[in-house]
Every structure is written in C-alpha cells, then in structure tokens.
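A.B. asks: Have a look at the structure that comes next, please.
The values are calculated or read from the model by the stated rules, or taken from the named source; none is laboratory data. On a predicted model such as this, the values are computed, not experimentally measured, just so you know. All Cβ positions, even for glycine, are placed from backbone atoms using ideal geometry, and neighbour counts span all protein chains on display.
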Amino acid sequence: MATVKPFVCVRPKAELASRVAALPYDVYNRKEAKEAALKDPLSFLNIDRAESNLPDDVDTYDPIVYKKAKELLDARIADGTYLTDEQECYYVYELIMDGRSQIGIVACASIDDYKNGVIKKHENTREEKEQDRIRHVDTCNAQTGPIFLAYRKNDVISGIVAKTMKNEALYAFTADDGITHNVWRIADASDVKAIREAFAGIGQIYIADGHHRAASAVKVGFKRREANPSYTGNEEFNFFLSVLFPEDQLMILPYNRVVKDLNGLSEKEFLAAIEKDFKVKKIGSEPYAPKKKGTFGMYLDGTWYELSAGEKMLAITDPVASLDVSLLQDYLLGPVLGIGDPRVDKRIDFIGGIRGLKELERRANSDMKVAFSMYPTQITELFDVADAGLLMPPKSTWFEPKLRSGIFIHRL
C-alpha cells in the first residue's frame, strides 16, 4: 500500500518557467554547471549548483555553497519569480522528445514506504554523493529535484490524467534541447481523493532514476524526526518530491560500453575468443544497434559486428544474471577483455544511448579500441530485479528525457 500525497507546490510564474527549468544538477561537471547557470540568473541551476555563483577556489561542498543556495532560493521566492499554490494538489507533467510523449504525476512519496520496501530500489548509493544533497535539502528546507518513480499502470489514474490534459496547461514550453514540457494542475477534490486511493491500492513503486536524491531526501526526513520526537508523520519532511510514471510511458535508452584495448590479444585472437560463447556476424561499416534482447553490436577497427548470445546464456533465468549488461560482462568483458570490476576499471567507459552510435565509433577510433552497442534494459527487467531485492549492475539504464529541476519545489 503506497502513500502518494498531493502537496502545496512552490513553482515559477508561467511566463518564467522556461527560464527557471534546468537539467538535473548531476549531469554537469563544475565548469559546465557554471557556464550553464550564468547564462541566465533565473536558471534553477544557480540554486542547484550554487558554487557557480562563488569564486572558483571555493570547494564545491563548502558550507557556504549551501547557504548561497538557500539565499538564492529565498530571493527568488521574495521577488515573485516563484509563487506558492493555495492548496495541496497533484500535477500532470508531460515531456515530449522526438515526438514521443511521457506523462507522469507529480506528488510526494513517503519516506516510510522507502524504508519498508514499498518503494523499491535497484542501485546502491554512495555516501559522499548523498551527503551533498542532504546538505542542500536540509539547508534550503526544500526538495527541488524530483525523484523519477515508476509504477504499474492504473486505469483510474490514467483516466484522471487524460481528463486533466484537456484543460489549459499551467506551463507549455520547449527547452533549448528540443524537449517540450507541459504541466497541468489537479485540484478537484474528488480527483485528488481518487488518485490518492488508487496509489494506496498499488503494492510496489520503483525508483527508476534518482537513487541518490531519494536516499538523501529520506535521510533528511529521518534526521528531522530525531530532532522532533513528537512528530505525527504528517509533517512535510516525512515525504519527498517525485514524478511517478506508469511503466508503459517510460523509455529506457541503452547504456553502451567502450574498452581501451583487447587485453593483449590480436584482433584475430579476440574474435576467436568471443566465438566460444557468441555467434559473430560481420555487418560492415553501417552502425549497428541491436534489435532484440541477447544481441549486441560491436565496433572494431572500422567494422561493425552483430554478436548473438548462445543458448547457455539465453537459458539463464536469474533476473540480474540474465540482463544483457550482465551477459556481456560475464561472458566477454570479464573473461576475454579482463574487465574485472567495471565500477573501478579505468579501461572501460560508458556512453549513454542519447549520444548515439557515432559517438561509439569516435571513441573506438580515438582513445579506445572496441565499442559495444547494447539493447536497452526493459522496464519489466528493472521491476523483476527490484522485486527480487537485488541490485542491477552499474550503468544498466539510461532514462530520457530528463526531468527538469525548479519547476516543482516541495517545502519542508
């Protein structure tokens, strides 16, 4: 039984939404963040990466950075850039990329559901990455970057969303990267009640993207509970900002791989070695993207190949070991190329599917030797791994389009 509640949203004025909305803080390095933030003082990246407004010699995690973030957020609220809705509402958030629409519900999920496993995760988190967002949320007293959650489709919720989208949108803009963002508010009391009850009937919700943001928000919530032992459970710090998408709305892109060398093998020896477990078919110079599970593209010395998993691999039923990223690791990257732990091995790099196959060719022709194009992990596979209480290998999923920060703010 999931608790997914409406909330009082702090959000930008309609005419400023396109200027405020920003890509997530963690898609940039420091130099990129500063360049992007300073293009527009209203960009939420100025708050999400407040070091952009400080001298370059200030450490990214210096307490002054989080104080600056709070100062900027308070200033934007005070000067009217942001307004505060008068009642608790849900919101419909539509993102359109390359003509494909993805529609979710903006709401607040429960830290208790996260702790008790109703909200399921499929990745480990790193303490140092958590600490940054813990300080940011705690100092700003607000959650500003929504967590990307997924659930199995519910007809009641889908019906209310479809009805709501017939109304005039609160926001409708296309960002510089070509992604269109449309937002509607669900304020009708009967619709709010119906959505809350529908989510209460859903047994599992899954973190699709944003594991570190989720863990940080939850830890802030429990920290606030310790500081307020008489808490009731209804305080806003007991909930975290989320956008929840039904599984049929989600698109996962592949997370491709490139490797620096052939582990001392000649190309002939390398091809012979992988033929022990894969069927190898030469494609030619045309970039190759796998069309089904169990197939892989490989680019080596100007030539593309199709690799097909053998029967032994296809018979695997374990939800983690059967993933394509696991098959490639366990039967090729590890035993043939000597990539023991892809999380720390400097000989391997990972390329998000949004970058395209030409990026794989460029890397293999420059600083790397061989590239692998992957068939994307399916959302049902993510569900299966999470339901089994297991964790996915690193760099298994790449979600697009990215949720924007700064459109929805949840005050604690």
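A.B. asks: Can you pull out every residue in region 385-410 that is surrounded by fewer than 22 Cβ atoms within 10 Å (Cβ to Cβ) and either among the β-branched types (Val, Ile, Thr) or at pLDDT 95 or above (or both)?
C.D. replies: none
A.B. asks: Can you list the helices (runs of 4 or more DSSP H) lying wholly within region 1-62 that have 1 or more residues being in contact with a Lys or Arg (Cβ under 6 Å, 6 or more places away or on another chain)?
C.D. replies: 30-37
A.B. asks: Something else now. Kindly check whether there is at least one residue in region 239-262 that is touching a helix residue (DSSP H, G or I) at 6+ places or on another chain (Cβ under 6 Å), surrounded by 14 or more Cβ atoms within 10 Å (Cβ to Cβ) and of a type in the set (Gly, Ala, Ser).
C.D. replies: no
A.B. asks: Consider region 215-238. How many of its residues are crowded, with 17+ Cβ neighbours inside 10 Å and not aromatic (Phe, Trp, Tyr)?
C.D. replies: 10
A.B. asks: With region 102-209 as the region, which strands (runs of 3 or more DSSP E) entirely inside it contain at least 3 residues that are surrounded by 20 or more Cβ atoms within 10 Å (Cβ to Cβ)?
C.D. replies: Passing ranges, in order: 147-151, 180-186, 205-209.
A.B. asks: With the requirement that a residue be exposed (fewer than 15 other Cβ atoms within 10 Å of the Cβ), aliphatic (A, V, I, L, M) and either more than 24 Å from Val183 (Cα to Cα) or not assigned by TED's automatic domain parsing to the domain that holds Gly80 (or both), what does region 14-55 give you?
C.D. replies: Leu38
A.B. asks: Right, here's the next one. Looking at region 284-384, what strands (runs of 3 or more DSSP E) fall wholly within it and have at least 1 residues that are under 25 Å from Lys402 (Cα atoms), touching a strand residue (DSSP E or B) at 6+ places or on another chain (Cβ under 6 Å) and at pLDDT 95 or above?
C.D. replies: Because the criterion is at least 1 residues that are under 25 Å from Lys402 (Cα atoms), touching a strand residue (DSSP E or B) at 6+ places or on another chain (Cβ under 6 Å) and at pLDDT 95 or above, the strands (runs of 3 or more DSSP E) in region 284-384 that meet it are 348-352, 370-373.
A.B. asks: How many of the residues in region 385-412 are in a loop (DSSP other than H, G, I, E, B) and not acidic (Asp, Glu)?
C.D. replies: 18
A.B. asks: Residue pairs, Cβ under 8 Å, 6 or more apart or interchain, first in region 63-75 and assigned by TED's automatic domain parsing to the domain that holds Asp132, second crowded, with 18+ Cβ neighbours inside 10 Å and not in a helix (DSSP H, G or I). List them.
C.D. replies: From residues that are assigned by TED's automatic domain parsing to the domain that holds Asp132, the pairs are Leu73/Ala142; Leu73/Thr144; Leu73/Ile409.
A.B. asks: Same structure again: Checking Ala21 against (1) of a type in the set (Gly, Ala, Ser); (2) under 19 Å from Tyr91 (Cα atoms); (3) in contact with a strand residue (DSSP E or B) (Cβ under 6 Å, 6 or more places away or on another chain), which test does it fail?
C.D. replies: (3)
A.B. asks: Same structure again: Kindly establish whether Ala109 is modelled with pLDDT of 95 or more, aliphatic (A, V, I, L, M) and touching a Phe, Trp or Tyr at 6+ places or on another chain (Cβ under 7 Å).
C.D. replies: yes
A.B. asks: Taking region 238-283 as the search range and keeping residues that are assigned to a loop (DSSP other than H, G, I, E, B) and of a type outside the set (D, E, K, R), which one is nearest to Ala142 (Cα to Cα)?
C.D. replies: My answer is Leu250.
A.B. asks: As an exercise: evaluate Lys68 against (1) crowded, with 20+ Cβ neighbours inside 10 Å; (2) assigned to a strand (DSSP E or B); (3) among the charged types (D, E, K, R) and give the number of the one condition it does not meet.
C.D. replies: Only one criterion is unmet by Lys68, namely (2).
A.B. asks: Being within 18 Å of Ala272 (Cα to Cα), surrounded by fewer than 21 Cβ atoms within 10 Å (Cβ to Cβ) and either basic (Lys, Arg) or in the same structural domain as Val370 (by TED's automatic domain parsing) (or both) is true for just one of Gly310, Gly340, Gly297, Gly352. Which residue is that?
C.D. replies: Being within 18 Å of Ala272 (Cα to Cα), surrounded by fewer than 21 Cβ atoms within 10 Å (Cβ to Cβ) and either basic (Lys, Arg) or in the same structural domain as Val370 (by TED's automatic domain parsing) (or both) holds for just one of Gly310, Gly340, Gly297, Gly352, which is Gly310.
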